[in-house]
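Nothing in this text is a laboratory measurement; each read-out follows from the coordinates by a stated rule. Note that the structure is predicted; figures quoted are calculated from it, not measured. Reconstructed Cβ throughout: ideal geometry from the backbone, glycine too, with neighbour counts over all protein chains shown.
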Amino acid sequence: MPDQDAFEVALEEAIALFEQGENMNQARFDELIAELEARRPALHAVAEDDPRAERARELERRAAELEHRAAQGHGQMDEVNSLLSPLMGKKSET
């Protein structure tokens with residue numbers, strides 16, 4: 001399904017950008033999030049008995065996880081900082 005493939009490519013790029021932390025290209029990340037939102041209806045349209053349904057649900061789960069992490073500011077560097085801060089005697093901001 002072309003929409004699923006395009007969604008997966010955009011999702012993988014968005015995840016990779018997000019995990020770059022402070023060095024991430026925010027404008028490109030925002031473009032990818034908009035593309036994911038535009039393609040979501042195609043994922044929802046996959047019938048449960050369609051062989052592609054499992055893949056569509058997995059892509060949706062991963063997209064929701066990325067959105068959740070982005071909303072909380074839990075990128076790769078945020079996670080590293082939250083682990084190292086207590087070891088360095090600093091309070092974690094997360």
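Couple of notes before you dig in:
- Qualifying residues in region 15-33 (those that are among the hydrophobic types (A, V, I, L, M, F, W, C) and under 12 Å from the mean Cα position of the chain (by Cα)) - the one surrounded by the fewest Cβ atoms within 10 Å (Cβ to Cβ): 16
- Within region 36-53, being over 12 Å from the mean Cα position of the chain (by Cα) and surrounded by 11 or more Cβ atoms within 10 Å (Cβ to Cβ) holds for 38, 39, 40, 42, 43, 45, 46, 50, 52, 53.
- In region 1-14, the residues that are among the aliphatic types (A, V, I, L, M), assigned to a helix (DSSP H, G or I) and surrounded by fewer than 17 Cβ atoms within 10 Å (Cβ to Cβ): 6, 9
- A count restricted to region 21-76 and to residues that are in contact with a helix residue (DSSP H, G or I) (Cβ under 7 Å, 6 or more places away or on another chain), part of a loop (DSSP other than H, G, I, E, B), under 15 Å from residue 4 (Cβ atoms) and without any contact (Cβ under 8 Å) to a residue 40 or more places away in the chain stands at 1.
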